[in-house]
1. Looking only at the range 115-137, count every residue that is touching a Phe, Trp or Tyr at 6+ places or on another chain (Cβ under 6 Å) and among the small types (Gly, Ala, Ser) and tell me the total.
2. Which ones in the range 91-104 are closer than 30 Å to Leu23 by Cα and loosely packed, with under 14 Cβ neighbours inside 10 Å?
3. Can you spot a residue in the range 105-112 that is more than 24 Å from Glu153 (Cβ to Cβ) and either exposed (fewer than 13 other Cβ atoms within 10 Å of the Cβ) or of a type in the set (A, V, I, L, M, F, W, C) (or both)?
4. Any residue at all in the range 11-25 that is in contact with a helix residue (DSSP H, G or I) (Cβ under 9 Å, 6 or more places away or on another chain), at pLDDT below 75 and loosely packed, with under 14 Cβ neighbours inside 10 Å?
Amino acid sequence: MLNITVETHPNVLSAAVVLGDNLYSEALHAESNKDLCRRFIQKIFNEGELSLLGDFMSPHVVNHELADSFGEGEPTQGHNLEWMADLIFLYRHAFPDLRFDIEDQIAEGDRVVTCLRMRGTHKNTLMTIEPSGRKVDIAGIRVDRIAGGRIVESWAHLDALGMLRQLDALPELNRWPQKVAPVSYETAPGARQRVAWSSLPELPQPAFVS
């Protein structure tokens, strides 16, 4: 009988144990960050517990969805938890049955990507949009950076255009361009062709517009 002896250097075994421990630690860290973001969505957006905002977000958090909306040179809005609370209150007021469902989550390092689905019924004024009673169902995504057990930076985007379409709140030009465009127009100077609007195919009417 052939006997084969395999010798493994102790340093190799130690490295394998350390690598395994590191991977396990990273997995636990990723799950902890995902859980934080899940609880944040549930407590703040779905339950409206705005007084708990500081439990999930650092007082120095940078919310890029707020900072960027005011343009360059106005970043302080995104550093303010009160502004974040106002934004959430605005949506919860306009959609009293507001609900965010988590479709998927991915965590790596100190960041968590959360794919969302937002649904609600437009029962109160949303900025300048009067209550319509219409239901909205749109997609969204959040990217949160976590440090010290709290969100310190976030990027969030919702399908605002889709929401406005479902609320029938888009200007006529955006909804039915062929209805308000001129019969024909001159192309830019130097162009070789003229295009008539009447020759373009009519856009289909979305099912959610009555």
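1. 1
2. Once the filter is applied, which keeps residues that are closer than 30 Å to Leu23 by Cα and loosely packed, with under 14 Cβ neighbours inside 10 Å, the range 91-104 yields Asp101, Glu103, Asp104.
3. no
4. no
The values are calculated or read from the model by the stated rules, or taken from the named source; none is laboratory data. None of these values were measured; they are calculated from a predicted model. Methodologically, a virtual Cβ is constructed for each residue, glycine included, from the backbone with ideal geometry; neighbour enumeration extends over all protein chains shown.
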